[in-house]
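The values are calculated or read from the model by the stated rules, or taken from the named source; none is laboratory data. Just so it is clear, the model here is predicted, and its values are computed rather than measured. Here Cβ is always computed from backbone atoms with ideal geometry, including for glycine, and neighbour counts include all displayed protein chains. Note: accessible area is taken over every heavy atom of the protein model, side chains too, but ligands, DNA and RNA are not part of it. Shrake-Rupley method; radii C 1.70, N 1.55, O 1.52, S 1.80 Å.
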Amino acid sequence: MGVVNVTPDSFSDGGRFFEPAAAIAHARQLIEEGADLLDLGAESSRPGAAAVGAEEELRRLLPVLRGLRDAPVPLSVDTIKPEVMRVVLAEGASMINDISALRAPDALAAVAAADAGVCLMHMQGTPGTMQQQPRYGDVVAEVKAFLLERVEAVRAAGIPLQRLCIDPGFGFGKTLEHNLELLRRLREFDALGVPVLVGWSRKSSLGTITGKPAGDRLAASIAAALIAAQNGAAILRVHDVAATRDALLVLQAVEKSQ
Ligand code: HH2
């Protein structure tokens, strides 16, 4: 899953693809590099990011979504707002990636009404406060219990299991230690019976480990992506598609050679 941030303030590439033409060109580049799926986002979720209203979010998203109508891969939209979900689904989006796991009132109904995929992500707190003091007993057990509850809520709303994937939400209300434990024990999420999506690309935990800024975390991002793939992740949400794809091809070649 290649990331296309149509934002002025995303943590690693804010402002680079804010203009529709730049976002569309970037999306096409990621497809060329081998992305199987794109995730379009118009509201940054980095800690402390400014909230964006639905109208502004749609103003950013729609020209890009329309410009990619002929794209050969499915388009996901990263949003927490039901009013945005309804519009982008009507405009041809194939998937909703919701960092709040369809918890907004009316979000379940907005997605149930369409035949789209959904990513349900775990987050402790909100982007404004989530990194202040994340706390868990057993982080894997608590994230799993939350996602199980959301999977059940989504199924009760009439959305079949085949349309879902889940995401532990790396960096969303988690310390470095929480993120590492979730990655190490990622296989435990297989018990939920839906594909697992993982996003470690360029995240601050990688900066803590390597001492490098967001623009210099490519090698660290690839290492995390490969560990996630080896631990069962089905979808990797990444900014650097070409390099991640090469790394995955090596992993797959080794696995096939056995
Ligand atoms: N991470 C980000 C945004 N959306 N969605 C899912 N499902 N999983 C993630 O790990 C995830 C996500 C943050 O990355 P990015 O979009 O590059 O940054 P920003 O939120 O600042 O736009």
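Restricting attention to the range 141-188, which residues are surrounded by 18 or more Cβ atoms within 10 Å (Cβ to Cβ), away from the ligand (no atom under 15 Å from the Cβ) and not in a helix (DSSP H, G or I)? Of everything in the range 141-188, just one residue is surrounded by 18 or more Cβ atoms within 10 Å (Cβ to Cβ), away from the ligand (no atom under 15 Å from the Cβ) and not in a helix (DSSP H, G or I), namely Ile159. Here Phe18 meets the list (1) open to solvent by less than 50 Å² (accessible area, probe 1.4 Å); (2) more than 25 Å from Pro160 (Cβ to Cβ); (3) out of contact with any Phe, Trp or Tyr (no Cβ under 9 Å at 6 or more places or on another chain); (4) within 14 Å of the ligand (Cβ to nearest atom) almost entirely, failing just condition (1). Just one of the listed residues (Leu65, Leu40) is in a strand (DSSP E or B) and either surrounded by fewer than 20 Cβ atoms within 10 Å (Cβ to Cβ) or among the aliphatic types (A, V, I, L, M) (or both), and it is Leu40. Scanning the range 205-222 for residues that are assigned to a helix (DSSP H, G or I) and farther than 19 Å from Phe172 by Cβ yields Thr210, Gly215, Asp216, Leu218, Ala219, Ile222.
Entry remark, the range 69-107: residues being within 16 Å of the ligand (Cβ to nearest atom) and not in a loop (DSSP other than H, G, I, E, B) number 12 in total.
Of all residues assigned to the range 45-52, none qualifies as being of a type outside the set (Lys, Arg) and in contact with a helix residue (DSSP H, G or I) (Cβ under 6 Å, 6 or more places away or on another chain).
Selection over the range 189-217 of residues that are of a type outside the set (A, V, I, L, M, F, W, C) and open to solvent by less than 70 Å² (accessible area, probe 1.4 Å) gives a count of 12. Considering Val254, Val250, the condition of being closer than 20 Å to Met1 by Cα, open to solvent by 20 Å² or more (accessible area, probe 1.4 Å) and more than 16 Å from the ligand (Cβ to nearest atom) is satisfied by Val250 alone.
Applying the selection to the range 118-136, what residues are assigned to a loop (DSSP other than H, G, I, E, B), at pLDDT 95 or above and either touching a Leu at 6+ places or on another chain (Cβ under 7 Å) or open to solvent by 70 Å² or more (accessible area, probe 1.4 Å) (or both)? Hit for the range 118-136 is His122, nothing else. When the residues of the range 21-40 are filtered to those that are closer than 18 Å to Cys119 by Cβ and in contact with a Pro (Cβ under 9 Å, 6 or more places away or on another chain), the one that is farthest from the ligand (Cβ to nearest atom) is Asp36. Checking Val4 against (1) modelled with pLDDT of 95 or more; (2) of a type in the set (A, V, I, L, M, F, W, C); (3) more than 15 Å from the chain's Cα centre (by Cα), which single condition isn't satisfied? The single condition Val4 does not satisfy is (3).
Here Ala114 clears all of (1) closer than 19 Å to Asn179 by Cβ; (2) open to solvent by 10 Å² or more (accessible area, probe 1.4 Å); (3) away from the ligand (no atom under 12 Å from the Cβ) except the condition numbered (1). Screening the range 223-243 for residues that are part of a helix (DSSP H, G or I) and open to solvent by less than 30 Å² (accessible area, probe 1.4 Å) and picking the one that is farthest from Asn179 (Cα to Cα) gives Val241.
Contact map, the range 41-68: residues that are within 14 Å of the ligand (Cβ to nearest atom) paired with residues that are open to solvent by less than 20 Å² (accessible area, probe 1.4 Å) and of a type in the set (D, E, K, R), Cβ distance under 8 Å, separation 6+ or inter-chain. Pairs shown: Ala42/Glu57; Glu43/Glu57.
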